[in-house]
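Each reported figure results from applying straightforward, stated rules to the coordinates on display, with no laboratory input. Source: prediction; values computed, not measured. Methodologically, a virtual Cβ is constructed for each residue, glycine included, from the backbone with ideal geometry; neighbour enumeration extends over all protein chains shown.
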Amino acid sequence: MSPPNMPLKILINGAKGRMGQALAAAARECGLEICGATDVGDDLAAFLPAANIIVDFSSPEATHRLL
């Protein structure tokens, strides 16, 4: 898969977990930029301005709060 023309800046919430780590590795293999990798206790809001995609693997409750 080739990277898109517009750079995708991905923020991964829950990045220390197994799925978050797998997602980060897959994104890097595809040449995508990870602008932030947060986990429990991190300030998610600090990374939001830099990201145009947020992937949340923290918990179902956290995902609902972000929507």
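Between helix 18-29 and the chain there is an angle of about 20 degrees, using the helix long axis and the longest principal axis of the Cα atoms.
Pair-distance distribution P(r) for the chain, from all Cα-Cα distances in 10 Å bins starting at 0: 21, 55, 22, 2 percent. Compared with the direct C-alpha span, the chain from Met19 to Asp42 gains 6.5 nm at full extension, assuming 0.36 nm per residue. Per residue of the chain, the DSSP helices (runs of n ≥ 4 H) give a summed -39500 (n - 2.57) that works out to -8000 deg cm²/dmol at 222 nm. Applying 1/(1 + (r/R0)^6) with R0 = 22 Å to the Cβ-Cβ distance of Arg65 and Glu29 gives a FRET efficiency near 0.15.
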